[in-house]
Amino acid sequence: MGRYIVRRLIAAIPVLIGLSILLFAYIRILPGDPCVAILGQHRTPAACAALREHLGLDLPLWQQYISYLLKTLSGDLGSSVVNSQPFLGEFLTRFPGTIELTAGALIFSIGVGIPLGRLAARKVGGWVDGLITGVSLFGVSIPVFVLGLALVVIFGVILGWLPTQGRIDARARFDATSGILLIDTLFAGRLDLFVDVVRHLVLPSIALGSIPLAIIARITRASVIEVANEDYVRTARSKGLKEKTVDNRHVMRNAWLPVTTVVGLQIGGLLGGAVLTETVFVWNGVGRWVVDAIQNHDYPIVQSTILVFAVIFLIVNLIVDVGYALLNPKIRYQ
Amino acid sequence: MKNLRIGAILGALLMVAGACSSTPAAKEGGTLIVALPGDIVRTDTALTDDSNSSYVIQQVVETLVGLEPGSTSKVVPVLAESYEMSADALTYTFKLRSGVKFHDGTDFNADAVVYNYNRFINIPTELQDYTYYIGAVFGGYGANSNLESATAVDGTTVAIKLKKPSSNFILTQTLPVFGIQSPTALALGKGDNTESDVTKITGAQGGAGSMVGTGPFVFDKWTVGDSVEIVKNATYWDTAHIAHVDAIVFKAVAEEAQRLNGLAAGEIDLAQTIAPVDAATIAANPKLQLIDRGSSFNTFQISMNQSYTPMNNQKIREAIAYAINYDYLIKTFYAGAAVKATNWMPAGVLYAKDLSLPSYDVAKAKALIAESGETDLTIDFWYPNDVTRPYMPDPKGIFEAITADLEAVGFTIVPNNAPWRGGYLDDEYAGKYEMWLLGWTGDWAGPDNFLKTAFFGYVNGAPSTEFAYKNDAVEAAMNAALAAGTEAEAKTQWELAQDLIRADMPTVPVANSKPQAAASIDLKGFIGSAGLNEPLNLVWLDRP
């Protein structure tokens, strides 16, 4: 297993180098000029030339790439061309927001998706199954931002039940320490704010969790149906075991495997989905930051965010693969 | 739709009526949540040139002279009690208020003002990317700066000497970038010109030494990309105007729909800017109020480049001006919150006069085309496809309406579009467009800012590549106006420049829009200004 992990890590290196080249090239191919983004209506040819020189954009592309690569390897991920804030510090202040949102969405999608899938499998072919399958299809099909806006309007604006923007009531002017507000508010002994943070998490978690929920529900359903038709389940049932025991001991234990894999893979998707969800819910996370950076042609921020997300994605995939191998002794990696 | 519009008008009338009724005593306390269209960029007033930063900074850092709330051009004393201009128009002597303290407890005095102005003259080259206004107002830095010197005459008197007269000097000094910050804080935050790497100037990055002024609010914290928080200055020198609210949180809310939702859900108290299309929804919501900012501070125009035929024909440009159905554009795209342009600058700008610009007259347009002698009436016409601007709320819709107007009088329009930051601004500036949609939001309410900076000033002694508009008499009049020693002389020269431009009709001004704000009905005391100089210490929240 150790050798497998090392081999996977080495294999990730060319992927990352390739990605860095692609990213670097792609962002520069995009039309637009950071000079316009920075100087706006005040740009003049002289000011633009000075700015390009200052930012190193007047150098040949390959020189820009080498300089970017060397800096990245030395841990310097650049700073914003718009407000000059260094990438790493800004990333670290926003990442907790994205983690909190991703966790909320994951809890929602697993907590609702798996019971729904089991229910659909138990009532297979019936109207409950049809309804759950239909809802799942809807969940996968609806774009995150459409669902997000609908949730905002219905539950925030019309019904007034839940907050629609930010991670915590701005009027509370709470000083976060770790950035994970669920933890920070508890440590500060502010139960009222903890509840407020949970309330702020509800709508974005539903919006972001809708697609994974649908996928998890469908996979759970399919997996449970498949296992339920196995001979050993029939045997267990014919032995006279209670339906609940058959379900928990014989069906679910084996049905978990594909579900676990899918859940792991959804984490990557959730990071991507966070970009839209954070924008809709004015959520201070990495996703909204990168949207702003793209709009401002803030090269260093876009480049470094995608690179860091790719690294996170690779690590998550590796963990999922390793977890899969550990869960299922039948699987052997050579 | 018609009902909505009537609703909007009624709502606006009710609002005005409400504002006119006697105001109850202000309530103290509470936190005001303000949604800005974007985040601030830096926390050092000198190193910013964007409207979001200015909007926040003006609450914290004060200038020597300011603008009367609600006005874009009426100068009032702030940190200076009064000022005098010398007979040669080169020296301005400011008498400062005494007993004023910076937020860090140090004294505001003549030395502090001198320190700040010396800083403006000597901004390091590497930082000049971030100090557009200082460069634009003083014509450069060091030896190139029009600022000769700033000297302390005594503890509360400062003499600022210019190298050549500049009739816009006092008006430009109302810009928030010329705010006076604590010298102690500037040194602490490395904003004292000793550091040329902006990332290391903590005072600009929200760290130590950030925004230490004398204003009614004190800087508290900046969560980059998300929000800025300022708190009430309980020991503000102007005791009659100590802030009513305890704190203000400025949130960056980029999407107009989210600002509207935030207002409706009660999570935002004041949206600094809203989309014109949302005005009717806001007016119809009893929990919200629409805020009219009075006059306009921008000009939207059909831009033209005279290096192309037939744009180089005055009669064609004049014909285009007659072909446009201005009323339709204003009603349809600005929800009425705009007026037909009567000049290249909005009416509130100094010396702006009504130039009797052409109004919608199809027959006149056709007659002018016939007189022009042009036979090829094909025009390449451009609009930006991915933005809205305060002066241009729906570029594509406006473009289509104008295209229809022009085709109705005989032009053949070749439609083109490009992304705003992805080529549009670069290409129009480089002279690659024959005709395109663009406008300008004022920086200061001087004619130079519109006529010279935004539109027709020569670049390096020659007509700009953007408009290729050549009229040496206009350039000479504008330069003479800026160098004028008296107001009367400046006025004469600016009026001459306007008349000359009107005769040439180099572009077609269309409208001056009035971007509105919206707020919770609980928000009281707010005075809107087209130039966004809006002091929030006057605001209070009518809530239990």
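Throughout, read-outs are computed from the coordinates displayed, never taken from laboratory work. From a predicted model like this one, the values you see are computed outputs, not experimental measurements. In this analysis, Cβ positions are derived from the backbone assuming ideal geometry, glycine residues included, and neighbour counts consider all displayed protein chains.
Tabulated values for the structure
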read-out	value
Selection from A:Leu151, B:Tyr83, B:Leu500 lying farthest towards where the dipole of the protein assembly as shown points positive, charges on Cβ	A:Leu151
Candidate lysines - alpha carbon under 21 Å from A:Lys123, same-chain residues fewer than 8 apart omitted	A:Lys242, A:Lys244
Residue-averaged beta-carbon neighbours from other chains (10 angstrom radius) around A:285-297	2
Shielding by other protein chains, B:424-436, mean Cβ within 10 Å	2
Segment B:Ala143-B:Asp238, extension gain: residue separation times 0.36 nm, minus the distance between their alpha carbons	30.5 nm
Residues A:Tyr324, B:Tyr132, sorted so that the one with the fewest Cβ neighbours within 10 Å comes first	A:Tyr324, B:Tyr132
Which of B:Met392, A:Met252, B:Met345 has the fewest Cβ neighbours within 10 Å, and the rest in rising order	A:Met252, B:Met392, B:Met345
Backbone N within segment A:142-167 under 14 Å of label point (7 Å from A:Ala188 Cα along the Cβ vector)	A:167
Angle between chain B longest axis and helix B:395-408 axis [Cα atoms, degrees, rounded to 10]	30 degrees
A:Trp256, A:Trp62, A:Trp161 arranged by Cβ crowding within 10 Å, fewest neighbours leading	A:Trp62, A:Trp161, A:Trp256
Linear extension gain, B:Ser359 paired with B:Asp376, 0.36 nm per residue minus alpha-carbon span	3.7 nm
Three-way shape call for chain A based on the alpha-carbon gyration tensor, with the a/c threshold at 1.5	prolate
Dipole in debye (nearest 20) - the protein assembly as shown, about Cα centre, beta carbon charges: Lys, Arg +1; Asp, Glu -1	3820 debye
0 to 90° range, to nearest 10: angle between helix B:2-20 axis and chain B longest Cα axis	30 degrees
Relative contact order (%) - segment A:87-327, alpha-carbon pairs under 8 angstrom, separation at least six	30 percent
Longest to shortest principal axis, alpha-carbon extents of the protein assembly as shown, angstrom	110, 70, 64
Protection proxy ranking of B:108-117, A:85-94 - average other beta-carbon atoms within 10 Å, highest first	B:108-117, A:85-94
Average beta carbon contacts from partner chains per residue of B:438-445, 10 Å cutoff	1
Overall form of chain B per C-alpha gyration tensor (a/c, 1.5; a/b vs b/c)	oblate
Set B:Lys232/B:Lys524; B:Lys396/B:Lys452; B:Lys95/B:Lys163 screened for pairs whose C-alpha atoms are more than 25 Å apart	B:Lys396/B:Lys452
Prolate/oblate/rounded call for segment B:474-533, Cα gyration tensor, a/c under 1.5 rounded	oblate
Mean Kyte hydropathy of 0.0 or more with a Cα span along the axis of at least 30 Å, helices from DSSP in chain A	A:2-29, A:87-122, A:191-228, A:253-280, A:299-327
Restraint check, B:Lys331/B:Lys366; B:Lys161/B:Lys432; B:Lys251/B:Lys353; B:Lys74/B:Lys161; B:Lys315/B:Lys432, Cα-Cα greater than 30 Å	B:Lys161/B:Lys432; B:Lys251/B:Lys353
Among A:Ser141, A:Ala310, A:Leu201 - extreme Cα towards positive end, dipole of chain A, charges at beta-carbon	A:Ser141
Projected label distance in nm at A:Leu257 and A:Ile315, using a 7 Å step from Cα toward the beta-carbon	2.9 nm
